[in-house]
Amino acid sequence: MPRVNRPYVGIPSFLRSRIVEDIAGLDAAIAVLGVPFDEGSPFLPGSRLGPRALREHSLRFASGRGYYDPETRREYLVEEMTRGLIADAGDVDVHPANAERTFANITEAVRGIIARGAMPVVLGGDHSITYPIFRAFDEKLHVIHFDAHTDYAPFENDLRHTNSHAFRHIAGMGNTLSLTQVGIRSLRHSPDQVEEVIASGNRIIPMGEFRRLGPAGIAALLPEGSRVYVSIDVDALDMSLVPGCVSAEPNGMSYPELRDSLKAIAERHDIAGFDFVEVNPPLDVGTGVTAYLGALTVIEFLGHICAQPRWAARRLARAA
């Protein structure tokens with residue numbers, strides 16, 4: 001008799017994908033990696049539990065046959081799920097009170113995924129982890145960053161590895177072609193931070209401009225076919241949608257605004273990898289709606305990436 005496999009049964013790998021304990025033996029097109037690290041969050045801890053919560057909520061979509069969207073009347077991730085093209089690479093080993101060592105582990109794990117020819121999909125954790133993820137890439141990439149905050153704090157008072165520093169690191173890296181920060185709206189920025197991002201030739205897209213441009217306009221900020229890394233902070237969404245987020249802000253994106261922007265980016269560009277960060281399960285009381293929205297965002301973005309013709313070529317290469 002076949003198993004019923006309700007979402008609350010079994011080991012919660014992402015979308016019930018097979019678990020790969022040794023990245024050196026990874027054989028998949030997509031590798032999901034957890035980074036249960038929140039020591040870069042100076043306010044409230046808890047996002048270390050984000051990867052587990054995102055995996056648990058992904059099980060609600062884990063039919064094993066992909067998913068169907070009534071809006072588009074299309075199925076997504078069918079081949080990826082039925083052929084085992086998605087693997088769960090487990091979690092990075094975290095060294096408490098040693099961010100440098102943990103960051104080295106993150107970079108090593110992501111570099112291993114890339115070396116095996118898979119696209120890394122990383123679940124955080126706080127936003128400090130995007131820096132060690134991105135430094136694992138040797139190729140030159142554009143970066144699109146969805147967030148309420150620029151995370152571009154100066155390196156002062158011996159602070160370099162909080163969730164407010166990630167994109168100052170990334171903007172200065174040799175393989176960063178451009179940085180586009182979308183949804184910026186927090187009133188807790190200094191003028192210097194914002195002006196410095198712009199003066200360096202990068203882009204800040206506040207919410208008003210985001211709504212004027214629309215999803216297609218956001219995607220069109222980069223030349224068509226660009227290789228892009230995408231980083232998504234759950235606080236890009238409006239605070240009314242994400243109670244399980246320590247740094248949520250008003251006047252954020254609706255879920256359709258974020259989803260459609262990611263879809264437009266997937267259609268226009270070649271995605272090298274992405275992360276989703278800052279879900280804080282201890283704050284996500286009741287139904288776990290923040291973790292659910294997070295899992296849904298990751299799954300839908302993956303679905304649109306894998307629906308593109310360029311991805312079909314990768315599928316064929318895997319079958320060969």
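The values are calculated or read from the model by the stated rules, or taken from the named source; none is laboratory data. Remember, it's a predicted structure, so these values are computed and weren't measured experimentally. Cβ atoms come from the backbone with ideal geometry, glycine included; neighbour counts cover every protein chain shown.
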- Message: Could you check the range 13-42 and list, in sequence order, the residues that are closer than 19 Å to Ser63 by Cβ, among the aliphatic types (A, V, I, L, M) and buried (at least 23 other Cβ atoms within 10 Å of the Cβ)?
- Response: Leu15, Ala28, Ile30, Val32
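Go through the residues of the range 269-278 one by one and say whether even a single one is charged (D, E, K, R), without any contact (Cβ under 8 Å) to a residue 60 or more places away in the chain, assigned to a helix (DSSP H, G or I) and farther than 13 Å from Val122 by Cβ.
Of the range 269-278, the ones charged (D, E, K, R) are 270, 275, 278.
Remaining after also requiring without any contact (Cβ under 8 Å) to a residue 60 or more places away in the chain: 270.
If we keep only those that are assigned to a helix (DSSP H, G or I) as well, we get none.
Checked against the condition, which is being charged (D, E, K, R), without any contact (Cβ under 8 Å) to a residue 60 or more places away in the chain, assigned to a helix (DSSP H, G or I) and farther than 13 Å from Val122 by Cβ, the range 269-278 yields no hits at all.
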- Query: Exactly one of (1) under 25 Å from Pro132 (Cα atoms); (2) part of a helix (DSSP H, G or I); (3) in contact (Cβ under 8 Å) with a residue 24 or more places away in the chain is unmet by Leu59. Its number?
  - Reply: (1)
- Query: Met119 fails exactly one of the following numbered conditions: (1) over 15 Å from the mean Cα position of the chain (by Cα); (2) farther than 21 Å from Ala236 by Cα. What is the number of that condition?
  - Reply: (1)
- Item | Residue check, Ala216 over 22 Å from Ala248 (Cα atoms), modelled with pLDDT of 95 or more and of a type in the set (Gly, Ala, Ser) | yes
- Message: Considering only residues that are within 23 Å of Glu79 (Cα to Cα), modelled with pLDDT of 90 or more, part of a loop (DSSP other than H, G, I, E, B) and of a type outside the set (A, V, I, L, M, F, W, C), which ones fall in the range 2-46?
- Response: Pro12, Ser13, Ser17, Glu21, Asp27
- Message: I need the helices (runs of 4 or more DSSP H) fully contained in the range 144-238, keeping only those with at least 1 residues that are more than 19 Å from the chain's Cα centre (by Cα), free of Cβ contacts under 8 Å to residues at least 40 places away in the same chain and surrounded by 16 or more Cβ atoms within 10 Å (Cβ to Cβ).
- Response: 207-219
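Yes/no per residue for (1) in a helix (DSSP H, G or I); (2) closer than 25 Å to His169 by Cβ; (3) in contact (Cβ under 8 Å) with a residue 12 or more places away in the chain; (4) of a type in the set (D, E, K, R):
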position: Glu79; (1), (2), (3), (4): yes, no, yes, yes
position: Asp88; (1), (2), (3), (4): no, no, yes, yes
position: Ala97; (1), (2), (3), (4): no, yes, yes, no
position: Thr107; (1), (2), (3), (4): yes, yes, yes, no
- Task: Give just the number: which of (1) more than 19 Å from the chain's Cα centre (by Cα); (2) under 16 Å from Cys306 (Cβ atoms); (3) not acidic (Asp, Glu) does Ala31 not satisfy?
- Result: (1)
